[in-house]
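The values are calculated or read from the model by the stated rules, or taken from the named source; none is laboratory data. Just so it is clear, the model here is predicted, and its values are computed rather than measured. Don't worry about glycine lacking a Cβ; one is built from the backbone with ideal geometry, like all the others, and counts go over all protein chains shown. Accessible surface is based on the protein model in full, side chains and every heavy atom, while ligands, DNA and RNA are left aside. Shrake-Rupley method; radii C 1.70, N 1.55, O 1.52, S 1.80 Å.
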Amino acid sequence: MLQSMLNKRLMTEREAEEKQAREAKLRAEREAREKALKEERERREREEREKREKEENAKKEREEKLRRDREQREKERKEREEKEKQEREKRAAAATDGGLKSKLDIFGGGALKSPKAPASPKAPASPKTPSSSSTTASEGSNPRAFFSQLSGEPAKTSGGGKITLASGKKLTGTDALLYWAQTNTSSYPGVDITNFTESWKDGLGFCALVHAHFPAEIDFNACVSKTPFERLELAFDAAGRMGVPPLLDPEDITDVKSVDARSLITYLGCLYKGFKR
């Protein structure tokens, strides 16, 4: 009996040990699985994080490349515009230097001297007659006939190549050219020609001058509602169709703070010659 009780107790203890061993094994297996799952989850998260970082870096590189491309294109555009501007300035300078001697032959072979500073007359009448300036013109082959044609008044020459009209007003070379422009544009609304710079910036003066000689080539009323650039473009194109060389571009007038008076005088001289043919 005692032996049987001992055997039963031993069996119970052995079963308890086996049970504890099974539970410890299950616990270890569970912990191992949880650890594996945790490691797998951390691995996936790490891979996703690295993937996102790669995508963000690739996106940043694309954006940086696009930014550099934009900056390069902008730089090239500015360089191209600067080069075109310099070329226009060179053309204008060449036209001025050569035009004042050869193309602007409105004085029968005489040459105009460039004005020191364009100035507006103090109280011009309509049409406006400019006062004498320091600019002079050589008399040329027949300056008397030229000024009589410009002003519609008898004219006589005096010392220094100056011209005196019957009214007593004295005109010199550029004053005569300004007077011609004024007499041809004074009847147009919104046009007020008093100098060789600011008076021409809005483009209406050129439109009026072209319309006064070739009304079929340009619609002055339509020009009033357009921008200065568009007006200049229309006027220069119309003058070009009439055989006047395009010495100026609209940008030469609209894109500068101060219009170059010498270039404008040269072009006006070409307009005079082309319109009188």
Conditions (1) modelled with pLDDT under 95; (2) out of contact with any Lys or Arg (no Cβ under 8 Å at 6 or more places or on another chain); (3) within 19 Å of Gln182 (Cα to Cα); number of the one not met by Ser225: (3)
Hits in the range 219-277 - residues which are β-branched (Val, Ile, Thr) and out of contact with any Ser or Thr (no Cβ under 7 Å at 6 or more places or on another chain): Val224, Thr227, Val244, Ile253, Thr254, Val256
The lone exception for Thr12 - which of (1) under 60 Å from the mean Cα position of the chain (by Cα); (2) open to solvent by less than 100 Å² (accessible area, probe 1.4 Å); (3) not hydrophobic (A, V, I, L, M, F, W, C) it fails: (1)
Tabulated pairs, the range 254-269, first more than 13 Å from Leu177 (Cβ to Cβ) and of a type in the set (S, T, N, Q), second surrounded by fewer than 22 Cβ atoms within 10 Å (Cβ to Cβ) and modelled with pLDDT of 90 or more, C-beta under 6 angstrom, 6+ apart or interchain: Thr254/Pro228; Thr254/Phe229
From Asp175, Asp255, Asp192, Asp202, residue being closer than 17 Å to Arg88 by Cβ and either acidic (Asp, Glu) or touching an Asp or Glu at 6+ places or on another chain (Cβ under 6 Å) (or both): Asp255
